[in-house]
Amino acid sequence: MKKMIALLCAVLLLSVSCAAMAQTVYTLPAEMLRPLLAGKTLTATVNGYTTNSNGLATLYISLFEKAHFAAEDVKALQPGDTLFGTGMELKIKAIEADETGYALTGEWDEVKYLYPDENGDYYMVDDTEHTLWLNAFQVECYIADGFEFVDASDEEAEPVVRTAEDLIAAYDSPKPFLPDNMQITFDDNCRVVRVTYLYSPWN
């Protein structure tokens, strides 16, 4: 009887030990993504997510960069010309230049502003502070251990570190996830370490 009890205890301990050592093994990131994502913080938005037995597992992400117009094209603009970008077409009615850049008035009296970037080309901001962005590409990335959802949306308060569950709740709420108000940080394995929700006038 004692041997039977000892054997049962050994089996139980082995089961507990195996359960404690159980781990989830993830695929490695695509090699073409490493130089683009690894160790970087980028302008990006969350477009969706999946969960597994550990909770939040992956994020579907769109990565953005500012849309630019070539400096020589901007400096040659005349009324009657048209600027075109993703989701934007501006037929220019009037142009005003100052030391900061150009104010362009469209045919429906909408105003767009062009400012030079560090490379000398121009990016566009509208009169409600929206930047014109290019959706560079979309990726699916795993969530890293120690993931943080940092809520910095209140410009008068310190950022608050929240959980993956809070990110899911924010995604499923009417909160706008825009390139103007979101940055995503990746670790060296291209996993998402942090999603930062920034202040913008439209939060």
**Fill in**
Averaged per residue, the 1.4 Å probe accessible area of the chain, protein heavy atoms only, in Å², is roughly 62 Å²
**Message:** Please list, in order along the range 85-92, the HN-Hα scalar couplings obtained from phi with the Karplus expression 6.51 cos²θ - 1.76 cosθ + 1.60 (θ = phi - 60°), rounded to whole Hz, x for Gly and Pro.
**Reply:** x, 4, x, 9, 9, 10, 8, 7
**Message:** Compute the distance from the alpha-carbon center of the range 126-162 to that of the range 42-68, in whole Å.
**Reply:** 10 Å
**Asked** With each pseudo-label sitting 7 Å past Cα toward Cβ, what's the ASP188-ILE168 distance in nm, one decimal?
**Response** 3.0 nm
**Asked** Between GLU129 and MET32, what FRET efficiency comes out of the Förster formula 1/(1 + (r/R0)^6) with R0 = 45 Å and r the beta carbon distance, rounded to 0.05?
**Response** 0.85
**Message:** Restricting things to Cα coordinates, could you compute the convex hull volume per residue of the range 112-203 in Å³?
**Reply:** 143 Å³
**Message:** Starting from the 7 Å offset along Cα-to-Cβ, what nm value, one decimal, do you get for the label separation of ALA22 and THR51?
**Reply:** 1.8 nm
**Request:** Quick one: pull the percent of accessible area on the chain belonging to carbon and sulfur, 1.4 Å probe, ligands and nucleic acids left out.
**Result:** 54 percent
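The values are calculated or read from the model by the stated rules, or taken from the named source; none is laboratory data. Just so it is clear, the model here is predicted, and its values are computed rather than measured. Because the Cβ atoms are built from the backbone with ideal geometry, glycine has one as well, and the counts that use them run over all protein chains shown. These accessible areas exclude ligands, DNA and RNA; they are computed on the full protein's heavy atoms, side chains included. Shrake-Rupley method; radii C 1.70, N 1.55, O 1.52, S 1.80 Å.
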